[in-house]
Amino acid sequence: MGNQMDRLSHLSYAEVPTVDPNGLDTDDGPRIGVSYIFSSDDDELEDGCAADGREKEPNEEEKPYDPREEVECAVYNREECVYEKSAKCANLEVYSPENLLNKCKAGDLVEFVASGQYPHWAVYVGDFQVVHLHRAEVKNSFLTDASQGRRCRIVNDLYRLKALGPDMVVQNAMEQVGLKDRELSWRNSESFAAWCRFGKREFKMGGEIRIGKQPYRLKIFLSDKHSHLLEFQSLEDVIMEKRRNDHLGRTAVMQELSSHFRSVEESKADPGTE
(Lines give C-alpha, C1' and ligand atoms only; values in the text may rest on other atoms or scores of the structure.)
Protein backbone atom coordinates (compact mmCIF):
# COMPACT_ATOMS: atom_id res chain seq x y z
CA MET A 1 0.00 0.00 0.00
CA GLY A 2 2.86 2.35 0.83
CA ASN A 3 4.14 2.12 -2.73
CA GLN A 4 0.80 3.41 -4.01
CA MET A 5 0.97 6.58 -1.94
CA ASP A 6 2.46 9.70 -3.44
CA ARG A 7 4.74 11.65 -1.16
CA LEU A 8 2.89 14.78 -0.10
CA SER A 9 4.61 18.12 -0.36
CA HIS A 10 3.45 21.71 -0.16
CA LEU A 11 4.66 23.69 -3.16
CA SER A 12 2.56 26.84 -2.98
CA TYR A 13 -0.47 28.40 -1.40
CA ALA A 14 -2.29 27.92 -4.69
CA GLU A 15 -2.65 24.29 -3.63
CA VAL A 16 -4.34 25.13 -0.34
CA PRO A 17 -7.65 26.94 0.37
CA THR A 18 -6.91 29.81 2.73
CA VAL A 19 -8.50 32.87 4.28
CA ASP A 20 -8.24 36.41 2.98
CA PRO A 21 -4.85 37.84 4.10
CA ASN A 22 -6.57 41.19 4.64
CA GLY A 23 -8.37 39.62 7.56
CA LEU A 24 -11.77 39.65 5.86
CA ASP A 25 -13.01 36.10 6.32
CA THR A 26 -16.13 35.62 4.24
CA ASP A 27 -16.73 31.99 5.18
CA ASP A 28 -16.84 30.00 8.41
CA GLY A 29 -13.21 30.34 9.45
CA PRO A 30 -9.62 29.35 8.65
CA ARG A 31 -9.02 26.76 5.95
CA ILE A 32 -7.30 23.42 6.41
CA GLY A 33 -3.55 23.35 5.80
CA VAL A 34 -1.53 20.59 4.18
CA SER A 35 -0.72 17.38 6.06
CA TYR A 36 2.97 16.51 5.89
CA ILE A 37 2.46 12.94 7.11
CA PHE A 38 4.54 11.51 4.23
CA SER A 39 7.03 14.37 4.05
CA SER A 40 10.17 15.56 5.75
CA ASP A 41 12.19 18.69 5.25
CA ASP A 42 15.92 18.56 4.71
CA ASP A 43 17.22 21.61 6.53
CA GLU A 44 20.77 20.90 5.47
CA LEU A 45 22.27 21.67 2.09
CA GLU A 46 24.58 19.25 0.40
CA ASP A 47 28.20 20.35 0.13
CA GLY A 48 28.67 22.55 -2.91
CA CYS A 49 25.02 23.67 -3.06
CA ALA A 50 23.71 27.21 -2.89
CA ALA A 51 20.91 28.19 -0.51
CA ASP A 52 18.22 27.43 -3.09
CA GLY A 53 19.55 23.89 -3.64
CA ARG A 54 21.20 24.43 -7.04
CA GLU A 55 24.88 23.75 -7.58
CA LYS A 56 26.95 26.63 -6.29
CA GLU A 57 28.98 28.62 -8.81
CA PRO A 58 32.73 29.00 -8.21
CA ASN A 59 33.47 31.90 -5.81
CA GLU A 60 29.73 32.37 -5.17
CA GLU A 61 28.96 33.81 -1.74
CA GLU A 62 25.96 32.90 0.41
CA LYS A 63 23.23 35.48 0.86
CA PRO A 64 23.79 37.46 4.07
CA TYR A 65 21.17 37.09 6.79
CA ASP A 66 18.45 39.73 6.31
CA PRO A 67 16.19 40.36 9.34
CA ARG A 68 13.59 41.91 7.04
CA GLU A 69 13.01 38.43 5.56
CA GLU A 70 11.95 36.97 8.92
CA VAL A 71 8.42 35.53 8.71
CA GLU A 72 6.75 36.51 11.98
CA CYS A 73 4.08 34.08 13.12
CA ALA A 74 2.30 32.42 16.03
CA VAL A 75 1.01 28.90 16.65
CA TYR A 76 -2.15 28.18 18.63
CA ASN A 77 -3.37 24.91 20.10
CA ARG A 78 -7.08 25.67 20.22
CA GLU A 79 -7.10 29.02 22.06
CA GLU A 80 -3.67 28.75 23.69
CA CYS A 81 -0.64 30.36 22.05
CA VAL A 82 2.15 27.76 22.17
CA TYR A 83 4.69 29.55 19.94
CA GLU A 84 5.31 33.10 18.80
CA LYS A 85 8.11 34.65 16.79
CA SER A 86 7.77 38.40 16.43
CA ALA A 87 9.86 41.45 17.17
CA LYS A 88 7.25 42.50 19.72
CA CYS A 89 7.57 39.47 21.98
CA ALA A 90 11.02 37.99 21.42
CA ASN A 91 14.62 39.04 20.96
CA LEU A 92 15.38 38.08 17.37
CA GLU A 93 18.88 39.54 17.32
CA VAL A 94 21.49 37.19 15.87
CA TYR A 95 25.17 36.81 16.69
CA SER A 96 28.28 35.19 15.35
CA PRO A 97 28.82 31.68 16.75
CA GLU A 98 31.86 32.90 18.70
CA ASN A 99 29.87 35.66 20.39
CA LEU A 100 26.90 33.40 21.12
CA LEU A 101 29.12 31.01 23.07
CA ASN A 102 29.50 33.73 25.70
CA LYS A 103 25.70 33.73 26.19
CA CYS A 104 24.86 30.01 26.05
CA LYS A 105 24.06 27.85 29.06
CA ALA A 106 23.59 24.08 29.08
CA GLY A 107 20.06 23.20 27.99
CA ASP A 108 19.59 26.28 25.78
CA LEU A 109 18.02 25.96 22.34
CA VAL A 110 20.10 27.50 19.56
CA GLU A 111 18.83 28.45 16.10
CA PHE A 112 21.18 28.96 13.15
CA VAL A 113 19.73 31.20 10.43
CA ALA A 114 20.66 32.30 6.91
CA SER A 115 18.59 33.80 4.11
CA GLY A 116 17.14 31.19 1.75
CA GLN A 117 17.81 28.27 4.09
CA TYR A 118 15.79 26.25 6.54
CA PRO A 119 16.63 27.31 10.10
CA HIS A 120 18.74 24.73 11.92
CA TRP A 121 18.14 24.04 15.61
CA ALA A 122 20.43 22.51 18.21
CA VAL A 123 20.67 21.90 21.97
CA TYR A 124 23.64 23.46 23.74
CA VAL A 125 25.10 20.82 26.08
CA GLY A 126 28.08 22.73 27.47
CA ASP A 127 31.83 22.76 26.72
CA PHE A 128 31.21 24.72 23.48
CA GLN A 129 29.20 21.80 22.05
CA VAL A 130 25.69 21.17 20.73
CA VAL A 131 23.62 18.10 19.92
CA HIS A 132 21.58 18.39 16.73
CA LEU A 133 19.77 16.41 14.05
CA HIS A 134 21.93 16.84 10.96
CA ARG A 135 21.44 14.95 7.68
CA ALA A 136 19.33 12.18 9.22
CA GLU A 137 21.65 11.60 12.19
CA VAL A 138 21.79 12.98 15.73
CA LYS A 139 25.29 14.38 16.18
CA ASN A 140 27.41 15.95 18.92
CA SER A 141 29.34 18.86 17.37
CA PHE A 142 31.13 22.03 18.36
CA LEU A 143 28.74 24.96 18.06
CA THR A 144 31.08 26.76 15.69
CA ASP A 145 31.16 23.71 13.39
CA ALA A 146 27.38 23.22 13.52
CA SER A 147 26.83 26.84 12.51
CA GLN A 148 28.42 26.31 9.06
CA GLY A 149 29.08 30.04 8.97
CA ARG A 150 25.50 31.02 9.80
CA ARG A 151 24.40 33.59 12.36
CA CYS A 152 22.71 32.24 15.46
CA ARG A 153 20.61 33.06 18.51
CA ILE A 154 19.15 31.50 21.65
CA VAL A 155 15.47 30.65 21.15
CA ASN A 156 14.36 29.25 24.51
CA ASP A 157 11.29 31.49 24.66
CA LEU A 158 9.75 31.01 21.20
CA TYR A 159 7.79 27.97 22.38
CA ARG A 160 5.54 28.94 25.28
CA LEU A 161 5.80 25.55 26.93
CA LYS A 162 7.17 24.53 30.32
CA ALA A 163 10.79 23.52 29.90
CA LEU A 164 12.46 20.58 31.60
CA GLY A 165 15.40 21.21 33.90
CA PRO A 166 18.73 21.92 32.14
CA ASP A 167 20.22 18.59 33.23
CA MET A 168 17.26 16.67 31.80
CA VAL A 169 17.40 18.64 28.53
CA VAL A 170 21.08 17.79 28.13
CA GLN A 171 20.41 14.15 29.06
CA ASN A 172 17.59 13.90 26.51
CA ALA A 173 19.91 15.24 23.82
CA MET A 174 22.99 13.17 24.66
CA GLU A 175 21.04 9.91 24.87
CA GLN A 176 19.99 10.29 21.21
CA VAL A 177 23.49 10.85 19.80
CA GLY A 178 24.21 8.29 17.09
CA LEU A 179 20.59 7.64 16.10
CA LYS A 180 20.12 7.79 12.35
CA ASP A 181 17.71 7.15 9.48
CA ARG A 182 14.85 4.82 10.52
CA GLU A 183 15.81 5.06 14.18
CA LEU A 184 14.80 8.72 14.25
CA SER A 185 11.52 9.97 15.69
CA TRP A 186 11.74 13.58 14.43
CA ARG A 187 11.27 15.10 10.99
CA ASN A 188 13.71 17.99 11.40
CA SER A 189 16.23 19.65 13.69
CA GLU A 190 13.64 21.95 15.26
CA SER A 191 11.32 19.14 16.32
CA PHE A 192 14.27 17.23 17.79
CA ALA A 193 15.66 20.17 19.76
CA ALA A 194 12.22 21.20 21.02
CA TRP A 195 11.49 17.63 22.14
CA CYS A 196 14.75 17.58 24.11
CA ARG A 197 13.83 20.78 25.94
CA PHE A 198 10.10 20.28 26.49
CA GLY A 199 9.75 16.48 26.39
CA LYS A 200 6.40 16.48 24.59
CA ARG A 201 5.48 13.62 22.26
CA GLU A 202 3.75 16.10 19.92
CA PHE A 203 7.20 16.96 18.53
CA LYS A 204 7.73 13.35 17.41
CA MET A 205 6.56 11.77 14.16
CA GLY A 206 3.12 10.28 14.74
CA GLY A 207 2.90 11.85 18.17
CA GLU A 208 -0.67 12.93 17.49
CA ILE A 209 -3.53 11.17 15.72
CA ARG A 210 -4.61 13.09 12.61
CA ILE A 211 -8.39 12.67 12.88
CA GLY A 212 -11.25 15.01 13.65
CA LYS A 213 -11.07 18.79 13.89
CA GLN A 214 -7.79 20.60 13.32
CA PRO A 215 -6.74 21.89 16.76
CA TYR A 216 -3.70 23.88 15.62
CA ARG A 217 -3.62 27.27 13.89
CA LEU A 218 -0.65 28.92 12.22
CA LYS A 219 -1.06 32.69 12.19
CA ILE A 220 1.28 34.55 9.84
CA PHE A 221 1.60 38.25 10.65
CA LEU A 222 1.38 40.24 7.43
CA SER A 223 1.20 43.67 9.07
CA ASP A 224 0.20 45.21 12.39
CA LYS A 225 -3.48 44.77 11.49
CA HIS A 226 -3.60 41.86 9.07
CA SER A 227 -2.75 38.18 9.38
CA HIS A 228 -3.23 34.90 7.54
CA LEU A 229 -4.51 31.70 9.17
CA LEU A 230 -4.18 28.01 8.40
CA GLU A 231 -5.43 25.08 10.48
CA PHE A 232 -3.57 21.79 11.03
CA GLN A 233 -4.21 18.49 12.74
CA SER A 234 -0.80 18.13 14.36
CA LEU A 235 2.04 20.23 15.73
CA GLU A 236 4.56 18.55 13.45
CA ASP A 237 2.53 19.66 10.41
CA VAL A 238 2.54 23.24 11.70
CA ILE A 239 6.29 23.12 12.24
CA MET A 240 6.84 21.83 8.71
CA GLU A 241 4.75 24.66 7.22
CA LYS A 242 6.39 27.25 9.45
CA ARG A 243 9.84 26.09 8.41
CA ARG A 244 8.86 26.12 4.75
CA ASN A 245 7.93 29.77 5.15
CA ASP A 246 11.23 30.51 6.91
CA HIS A 247 13.06 28.87 4.00
CA LEU A 248 11.18 30.99 1.44
CA GLY A 249 11.47 34.28 3.34
CA ARG A 250 8.90 36.99 3.92
CA THR A 251 9.03 38.48 0.40
CA ALA A 252 8.36 35.14 -1.32
CA VAL A 253 5.60 34.19 1.15
CA MET A 254 3.84 37.52 0.58
CA GLN A 255 4.12 37.10 -3.20
CA GLU A 256 2.76 33.56 -2.95
CA LEU A 257 -0.25 34.70 -0.94
CA SER A 258 -0.90 37.63 -3.25
CA SER A 259 -0.80 35.37 -6.31
CA HIS A 260 -3.16 32.88 -4.71
CA PHE A 261 -5.77 35.45 -3.77
CA ARG A 262 -5.66 37.06 -7.21
CA SER A 263 -6.53 33.66 -8.70
CA VAL A 264 -9.32 33.23 -6.14
CA GLU A 265 -10.82 36.59 -7.06
CA GLU A 266 -10.58 35.77 -10.76
CA SER A 267 -12.39 32.48 -10.15
CA LYS A 268 -15.16 34.28 -8.29
CA ALA A 269 -15.50 36.78 -11.11
CA ASP A 270 -15.85 33.96 -13.65
CA PRO A 271 -18.32 31.36 -12.31
CA GLY A 272 -17.57 29.09 -15.24
CA THR A 273 -13.97 28.61 -14.11
CA GLU A 274 -13.39 25.31 -12.36
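The values are calculated or read from the model by the stated rules, or taken from the named source; none is laboratory data. Small disclaimer: the values here were computed from a predicted structure and weren't measured. So basically every Cβ, Gly included, is an ideal-geometry build from the backbone, and we count neighbours across all protein chains shown. These area figures cover heavy atoms from the full protein model, side chains too; ligands, DNA and RNA do not enter into them. Shrake-Rupley method; radii C 1.70, N 1.55, O 1.52, S 1.80 Å.
A few points about this structure:
- Any chance ARG187 is under 15 Å from the mean Cα position of the chain (by Cα), of a type outside the set (A, V, I, L, M) and over 16 Å from TYR83 (Cα atoms): yes
- Output for the range 139-166, where each listed residue is under 18 Å from the mean Cα position of the chain (by Cα), farther than 16 Å from TYR118 by Cβ and outside any loop (DSSP other than H, G, I, E, B): ILE154, TYR159
- Flag for GLY149 being over 23 Å from GLU80 (Cβ atoms) and in contact (Cβ under 8 Å) with a residue 60 or more places away in the chain: yes
- Being part of a helix (DSSP H, G or I) and closer than 20 Å to VAL131 by Cα is a property that holds for VAL169.
Matching residues to (1) hydrophobic (A, V, I, L, M, F, W, C); (2) not in a loop (DSSP other than H, G, I, E, B):
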| site | (1), (2) |
| --- | --- |
| TRP186 | yes, no |
| CYS196 | yes, yes |
| ILE211 | yes, no |
| LYS219 | no, yes |
| ASP224 | no, no |
| GLU231 | no, yes |
| GLU236 | no, yes |
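- Checking each residue in the range 202-213 for being at pLDDT below 95 and either of a type in the set (A, V, I, L, M, F, W, C) or open to solvent by 80 Å² or more (accessible area, probe 1.4 Å) (or both) picks out MET205, ILE209, ILE211, LYS213.
- When PHE221 is tested against (1) in contact with a Ser or Thr (Cβ under 7 Å, 6 or more places away or on another chain); (2) open to solvent by 40 Å² or more (accessible area, probe 1.4 Å); (3) farther than 16 Å from TYR76 by Cβ; (4) among the hydrophobic types (A, V, I, L, M, F, W, C), exactly one condition is not met: (3).
- Scanning the range 117-138 for residues that are hydroxyl-bearing (Ser, Thr, Tyr) and in a strand (DSSP E or B) turns up just one, TYR124.
- Across the range 84-116, the qualifying residues are those that are outside any loop (DSSP other than H, G, I, E, B) and within 11 Å of ILE154 (Cβ to Cβ), and the one among them that is farthest from the chain's Cα centre (by Cα) is LEU100.
- Among the residues here, MET168 does not qualify as modelled with pLDDT of 95 or more, more than 17 Å from PHE203 (Cα to Cα) and of a type outside the set (D, E, K, R).
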